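Right, one structure below, let's go through it.
The values are calculated or read from the model by the stated rules, or taken from the named source; none is laboratory data. Fair warning: this is a prediction, and the values are worked out from it, not measured in the lab. Here Cβ is always computed from backbone atoms with ideal geometry, including for glycine, and neighbour counts include all displayed protein chains. Accessible surface areas use protein heavy atoms only, side chains included; no ligands, DNA or RNA. Shrake-Rupley method; radii C 1.70, N 1.55, O 1.52, S 1.80 Å.
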Amino acid sequence: EPEVTQTPSHQVTQMGQEVILRCVPISNHLYFYWYRQILGQKVEFLVSFYNNEISEKSEIFDDQFSVERPDGSNFTLKIRSTKLEDSAMYFCARGAAVPGELFFGEGSRLTVL
Amino acid sequence: GESVGLHLPTLSVQEGDNSIINCAYSNSASDYFIWYKQESGKGPQFIIDIRSNMDKRQGQRVTVLLNKTVKHLSLQIAATQPGDSAVYFCAENAAGNQFYFGTGTSLTVIP
């Protein structure tokens, strides 16, 4: 069983549209991460989130991206104006305070047309 | 910057044989490593980890070896089974909470 559940499993959107991907932890954790994987490529770090704040982000995570935990449970990744190159699998993961085991969800596939 | 690479993009083994998947990393500051298994259409699944103060760690049917001198990591799977067919990634962590993943090795187990 995955440590986190992600919705939607697949979303198709038009270029320029806003997309929100959601992640719900199975149990109460404080550290969350978003990674993405473009088809056939590496899994890439986007952002880490701790105690309702961004703790680290990569150069991929530009102003088009944002994360929040609006209700203390769901952890969301928002892409404000999607581009074709945003098409990828987006994985939410939960982790620990000290870099350690990182457990991934099943992913949300985003297709931008 | 950091980079993690795999020597072999594909590996085919006979069922019951042992598999060895290799990974090279370039950041000598990396001190924590994880091997992941990714089946088609699924998220990466944690297999085993190792910290830089160790050179070997064993799990159930899997062993990870770390050679810091040459910055090399390997995953050994004993008695490979058809269910082991997947893409295997190594990931490294040097500081903070970012992990850098390699490109992956596709393992195919021949029944």
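Extension gain for A:K78-A:N51 works out to 7.9 nm (0.36 nm per residue, less the C-alpha to C-alpha distance).
Using every pair of distinct Cα positions in the range A:21-113, the Kirkwood expression returns a hydrodynamic radius of 13.4 angstrom.
Here the accessible area is traced with a 1.4 Å probe on the protein chains. For the range B:4-110, carbon and sulfur cover 47 percent of it.
Considering only protein heavy atoms, what per residue accessible area in square angstrom results for chain B with a 1.4 angstrom probe?
With all protein chains present, chain B gives 46 Å² per residue.
Go through A:K78/B:K42; A:K42/B:K37; A:K42/B:K71; A:K57/B:K56; B:K42/B:K71; B:K42/B:K68 and tell me which ones have a Cα-Cα distance over 24 Å in this structure. Pairs exceeding the cut-off: A:K57/B:K56; B:K42/B:K71; B:K42/B:K68. Within the protein assembly as shown, all pairs of alpha-carbon atoms sorted by distance into 10 Å bins from zero give the percentages 8, 33, 35, 19, 5, 0. Could you tell me the total accessible area buried at the A-B interface, probe 1.4 Å, in square angstrom to the nearest hundred? In total, chains A and B hide about 1800 Å² from solvent. DSSP bridge analysis restricted to the range B:4-110 gives an antiparallel fraction near 90%, rounded to the nearest 5.
Relative contact order of chain B, taken over Cα pairs closer than 8 Å and 6 or more residues apart, is 38 percent.
List the GluC sites (Glu not before Pro) in the range A:1-103 that DSSP assigns to loop (not H, G, I, E or B) and whose Cβ has at most 11 other Cβ atoms within 10 Å. Which are they?
In loop regions of the range A:1-103 (DSSP not H, G, I, E or B), the sparsely surrounded GluC sites (Glu not before Pro) are A:E18, A:E59.
Counting only protein heavy atoms and a probe of 1.4 Å, the accessible surface of chain A is 47% carbon and sulfur. Contact residues in the range B:70-111 (at least 20 Å² less accessible area with all protein chains than alone, 1.4 Å probe): B:F89, B:G96, B:N97, B:Q98, B:F99, B:F101, B:T103. Using equal-weight Cα scatterers in the Debye expression, the normalised intensity of the range B:38-111 in log10 at q = 0.13 Å⁻¹ is -0.42.
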